[in-house]
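> Mind looking over this structure? Questions follow.
The values are calculated or read from the model by the stated rules, or taken from the named source; none is laboratory data. Given the structure is predicted, the values throughout are model-derived calculations rather than measurements. Quick reminder, even Gly has a Cβ in these numbers, built from the backbone with ideal geometry, and neighbours come from all protein chains shown. All accessible areas refer to the heavy atoms of the entire protein, side chains included, with ligands and DNA or RNA removed. Shrake-Rupley method; radii C 1.70, N 1.55, O 1.52, S 1.80 Å.
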Amino acid sequence: MAVPDPLTGILIVRVWYEPGQTPALRARLLVVNSAQQAPAVYSAAAGLDDVCEQVREWLQNWSLSMEARGE
């Protein structure tokens, strides 16, 4: 596996449907920080709005960390 570019963020969104639950849409967001590490859980979400909010939060945090590095 190639080493990820240090300016690249990797977010994996795993989604599934749980009938009988409200909301039924569920997701787990995982991040990969390096090729040597397994994906780490960033957050869990339920419902479309929550999933989108969690993805947006990660993108904001990642973007701010790149700006802080001066890149």
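Every residue, every condition in (1) surrounded by 13 or more Cβ atoms within 10 Å (Cβ to Cβ); (2) within 14 Å of the chain's Cα centre (by Cα), yes or no:
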position	(1), (2)
Leu7	no, no
Leu11	yes, yes
Arg14	no, yes
Glu18	no, no
Arg26	yes, yes
Val32	yes, yes
Ala38	no, yes
Leu48	no, no
Glu57	yes, yes
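> Oh, and also: Looking only at residues that are among the small types (Gly, Ala, Ser) and modelled with pLDDT under 95 in the stretch 1-42, which one is nearest to Asn61 (Cα to Cα)?
Applying the filter and picking the extreme gives Gly9.
> Can you tell me which of (1) open to solvent by 80 Å² or more (accessible area, probe 1.4 Å); (2) among the small types (Gly, Ala, Ser); (3) at pLDDT 95 or above is the one Ala68 doesn't meet?
(3)
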